[in-house]
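Read through the structure below, which is laid out as C-alpha cells, and then see the notes.
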Amino acid sequence: MQIIKREVLKEKPVFDNKLGFGRYFTDYMFTMKYNVEEGWHDAKIEPNAPVQFDLATTIFHYAQGIFEGMKAFKRVDGSIGVFRPGENWARMNRSAERMCIPQFPEDVVEEGLEELLKLEKDWIPSLPGTALYIRPTIVATKVMLGVHASTEYLFFIILSPVGSYYAHGLEPTKLLVEDYYTRATVGGTGEAKCLGNYACSMKAGEEAEKKGFDQVLWLDAQEKKYVEEVGSMNMFFVIDGEVVTPALVGSILPGITRKSAIYLLQQNGYRVSERRVSIDEVVEASRCGKLEEAFGTGTAAVISPVGEFEYKGERFVVNGGKMGEITSWLYDNITGIQYGKKPDVYGWVKKI
Ligand SMILES: *Cc1c(COP(=O)(O)O)cnc(C)c1O
C-alpha cells in the first residue's frame, strides 16, 4: 500500500476525557477511488487534510453516501485491538448495495485500516473507556445534477481519539418516545447506515433535547406502536426475567454491538428473544413492576442504561433510575473483551 508521509505531524491533544467525541483527527487517512473504467483503485494512505470538491458533486445534493463506526482499543497487555471489523465491512457493503454504491473489496480496506492503525498507534488513548474511533465513509463524487447513481466514488477512513462515553460517571439516559416524527420505514433505508437517516432524525432529537431528554426512542412508522431503536443505538428491555429486543424488521439498523450482546447473553444462559415489542407492552410491564431493565447498545457507548422514558406525557422510571444487573454484566463483559481484561473466547478482537 502506498503511504504518502507528511512533513510535520500535528500536535496531539491531551488524551483525557476532555477529548469528547469526534473533535480531533489524526495525521493520516486511508483513501480509495472508484470509477467505471478502473473499478475501485488507487488505495493509499495520505495526510489527512482538506479535500476540494466541485459544488455540483452528487453527495452534496442527493446524499448518496454511507458510513461505518468502529473502535481501536489500547488493550491491557499493550496490544491494539479492533472489535469485529469484518462485521462492519460486510454491513457497509450491504449499505452500499441499498444505496446503489458499487461493492468494495473488503480485504483491501481491511489492509488499509491495519496499515493506518500501525502508522497512527500513538493516537490511541489508553485511559479506561477511551479509544480511537474509526470512521469509514463512502461518498458519491461525480460532478452532475442528474438524479442517478453516481459513477464515481471516494472511500475514506478517518480516525479520531475519543474520551469515555461515561466521562461524568455512569448516568442512565432519559428517552422521549417519539410518536409523531419517523426515522425509517420498511422498504426505506433504515437498515442501511446511510447519511440521510441521520439528517432526517435531527429535528426530533432537537425537540427532545429542548424538553430535557437525551435521545429519542423511535416507534415503527406505520402504526406508531412497536419500539424500533434509539438515535444510534439498538434497544433492549428486561421484562419479567426475559431479555427482549426488537426484531430486525427492515427499518432497524442491525447493530454489531446488538448482535454481540444477544450472543453473549445466550451463551451465558440468559433468555433472549428477538421479536416485535410494542410500547404498550413496555408501559404495561413498567406499571406492574415487571420492567426490570432497559438499555441501548452501540459502538460509541457500548452499553447505555436507560433510567427513564416518557410516552404521551407520562414518565416511567426504570429500575429506580439506576443501571440494572444484566446491563452492568453486559457492559463489563463486552468492554472486558475489547480491552483484554477478559478472554476473547469467540475471537472477536482483531489484533493489529
Ligand atoms: C450504528 C448504529 C447503531 C449501532 O450499531 P453498532 O454496530 O452496534 O455500532 C444502531 N442504530 C443506528 C441507527 C446506527 O446508526
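Answer yes if at least one residue in segment 129-144 is modelled with pLDDT under 95 and either out of contact with any Cys (no Cβ under 7 Å at 6 or more places or on another chain) or under 30 Å from Gln222 (Cα atoms) (or both), and no otherwise. I'd like the intermediate steps shown before the answer.
Taking segment 129-144 as the starting set, the residues that turn out to be modelled with pLDDT under 95 are 129-130.
Now narrow it down to the ones that are either out of contact with any Cys (no Cβ under 7 Å at 6 or more places or on another chain) or under 30 Å from Gln222 (Cα atoms) (or both): 129-130.
Yes, the conditions are met somewhere in segment 129-144.
Can you tell me which residues in segment 82-116 are part of a helix (DSSP H, G or I), under 19 Å from the mean Cα position of the chain (by Cα) and either within 17 Å of Leu159 (Cβ to Cβ) or not assigned by TED's automatic domain parsing to the domain that holds Arg23 (or both)?
Across segment 82-116, the qualifying residues are Pro85, Asn88, Trp89, Met92, Val109, Glu110, Leu113.
Does Glu191 satisfy being assigned by TED's automatic domain parsing to the domain that holds Asn333, more than 11 Å from the ligand (Cβ to nearest atom) and either more than 24 Å from Leu330 (Cα to Cα) or buried (at least 17 other Cβ atoms within 10 Å of the Cβ) (or both)? Working first, answer last.
On the way: assigned by TED's automatic domain parsing to the domain that holds Asn333: yes; more than 11 Å from the ligand (Cβ to nearest atom): no; either more than 24 Å from Leu330 (Cα to Cα) or buried (at least 17 other Cβ atoms within 10 Å of the Cβ) (or both): yes.
Spelling it out, it is not the case that Glu191 is assigned by TED's automatic domain parsing to the domain that holds Asn333, more than 11 Å from the ligand (Cβ to nearest atom) and either more than 24 Å from Leu330 (Cα to Cα) or buried (at least 17 other Cβ atoms within 10 Å of the Cβ) (or both).
Please list, ordered by residue number, the helices (runs of 4 or more DSSP H) wholly in segment 252-352 having 2 or more residues that are touching a helix residue (DSSP H, G or I) at 6+ places or on another chain (Cβ under 9 Å).
Details: elements: 256-267, 279-287, 325-339.
It comes to 256-267, 325-339.
I'd like the full set of residues that are more than 11 Å from Pro136 (Cβ to Cβ), within 16 Å of the ligand (Cβ to nearest atom) and surrounded by 21 or more Cβ atoms within 10 Å (Cβ to Cβ), limited to segment 52-70. Steps first, please.
The initial filter retains those residues of segment 52-70 that are more than 11 Å from Pro136 (Cβ to Cβ), namely 52-65.
Cutting the leftovers down to within 16 Å of the ligand (Cβ to nearest atom) gives us 63, 65.
Passing the criteria: only Gly65.
The values are calculated or read from the model by the stated rules, or taken from the named source; none is laboratory data. What you see is a predicted model; the values in this text were computed from it and never measured. Cβ atoms come from the backbone with ideal geometry, glycine included; neighbour counts cover every protein chain shown.
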